[in-house]
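Data block below; observations after.
The values are calculated or read from the model by the stated rules, or taken from the named source; none is laboratory data. Note that this is a predicted model, so its numbers are computed, not measured. Positions of Cβ are generated from backbone atoms using ideal geometry, with glycine treated the same way; all protein chains shown enter the neighbour counts. When the accessible area is computed, the model is the full protein with side chains, heavy atoms only, and any ligands, DNA or RNA have been set aside. Shrake-Rupley method; radii C 1.70, N 1.55, O 1.52, S 1.80 Å.
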Amino acid sequence: MPNGIDLILSDHQEADDLFTRFAETGEGGLIGMVIARLTAHDEAEHGALYPLLGEVLGDEDMVTRAAAAHSAVKKQIDEIKHLEGPPLTDAFDVLRTLVSDHVADEETNMLPTLAAQATPQQLDRLGARILQIKQRVG
């Protein structure tokens with residue numbers, strides 16, 4: 001079973017791939033796929049990653065910054081759900097930027113710090129918990 005950090009990195013890559021495919025094709029169905037994946041990822045990070053960060057790192061500022069980024073993503077997703085045509089494409093581009101910025105922060109700051117300080121068992125439990133949450137969310 002992959003550890004939690006590997007699962008998070010895989011989600012980040014999958015989201016980037018979907019955003020890129022949309023930019024190349026404009027295929028509308030990809031927007032729904034991105035939203036579904038981001039929603040499941042958000043639930044997993046809030047339910048598994050952030051509690052572990054608090055436990056292992058004790059860095060509430062890092063968790064608060066990540067939660068704020070997730071909140072901005074959720075608001076943008078809510079806006080996207082009510083749009084169509086060019087405004088939808090523009091809003092989806094904004095979503096991609098929000099996600100990219102959040103991913104860069106996580107991959108540069110949060111995840112390397114967690115990898116250095118958490119035990120392999122904690123990271124394995126994180127992976128199991130992430131999979132459990134994502135399965136429940138769908």
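Is segment 52-66 home to any residue that is modelled with pLDDT under 95, basic (Lys, Arg) and either buried (at least 19 other Cβ atoms within 10 Å of the Cβ) or outside any helix (DSSP H, G or I) (or both)?
No, every residue in segment 52-66 fails to be modelled with pLDDT under 95, basic (Lys, Arg) and either buried (at least 19 other Cβ atoms within 10 Å of the Cβ) or outside any helix (DSSP H, G or I) (or both).
Which ones in segment 1-24 are assigned to a helix (DSSP H, G or I) and closer than 16 Å to residue 122 by Cα?
Within segment 1-24, 4, 5, 6, 7, 8 qualify.
For residue 27, all conditions in the list (1) more than 27 Å from residue 118 (Cβ to Cβ); (2) open to solvent by 20 Å² or more (accessible area, probe 1.4 Å); (3) assigned to a helix (DSSP H, G or I) hold save one; what is the number of the exception?
Among (1) more than 27 Å from residue 118 (Cβ to Cβ); (2) open to solvent by 20 Å² or more (accessible area, probe 1.4 Å); (3) assigned to a helix (DSSP H, G or I), the lone unmet condition for residue 27 is (3).
Does segment 74-93 contain any residue that is closer than 30 Å to residue 116 by Cβ and at pLDDT below 95?
yes
Going by the conditions given, is residue 105 surrounded by 15 or more Cβ atoms within 10 Å (Cβ to Cβ) and farther than 26 Å from residue 135 by Cβ?
Spelling it out, residue 105 is indeed surrounded by 15 or more Cβ atoms within 10 Å (Cβ to Cβ) and farther than 26 Å from residue 135 by Cβ.
Are any of the residues in segment 109-122 within 21 Å of residue 65 (Cβ to Cβ), of a type in the set (Ser, Thr, Tyr), open to solvent by 70 Å² or more (accessible area, probe 1.4 Å) and in a helix (DSSP H, G or I)? Working first, answer last.
First, the residues of segment 109-122 that are within 21 Å of residue 65 (Cβ to Cβ): 109-118.
Keeping just the survivors that are of a type in the set (Ser, Thr, Tyr) gives 113.
Subsequent filtering for residues that are open to solvent by 70 Å² or more (accessible area, probe 1.4 Å) retains none.
Among the residues of segment 109-122, not one is within 21 Å of residue 65 (Cβ to Cβ), of a type in the set (Ser, Thr, Tyr), open to solvent by 70 Å² or more (accessible area, probe 1.4 Å) and in a helix (DSSP H, G or I), which makes the answer no.
Spot the failing condition for residue 83; the list is (1) open to solvent by less than 60 Å² (accessible area, probe 1.4 Å); (2) in a helix (DSSP H, G or I); (3) more than 20 Å from residue 128 (Cα to Cα), and only one is missed.
Residue 83 satisfies every listed condition except (2).
Does residue 99 meet the test of being in a helix (DSSP H, G or I), of a type in the set (Val, Ile, Thr) and more than 21 Å from residue 2 (Cα to Cα)? Step through it out loud before you land on a result.
On the way: in a helix (DSSP H, G or I): yes; of a type in the set (Val, Ile, Thr): yes; more than 21 Å from residue 2 (Cα to Cα): yes.
Judged against the criteria, residue 99 is a match.
Being in contact with a Lys or Arg (Cβ under 6 Å, 6 or more places away or on another chain), within 19 Å of residue 100 (Cα to Cα) and either β-branched (Val, Ile, Thr) or in contact (Cβ under 8 Å) with a residue 40 or more places away in the chain (or both) is the filter here; which residues of segment 24-66 pass it?
Answer for segment 24-66, where residues must be in contact with a Lys or Arg (Cβ under 6 Å, 6 or more places away or on another chain), within 19 Å of residue 100 (Cα to Cα) and either β-branched (Val, Ile, Thr) or in contact (Cβ under 8 Å) with a residue 40 or more places away in the chain (or both): 40, 44.
Quick one: in segment 86-99, of everything that is without any contact (Cβ under 8 Å) to a residue 60 or more places away in the chain and farther than 15 Å from residue 30 by Cα, which residue is most open to solvent (accessible area, probe 1.4 Å)?
Taking the candidates together, the pick is 86.
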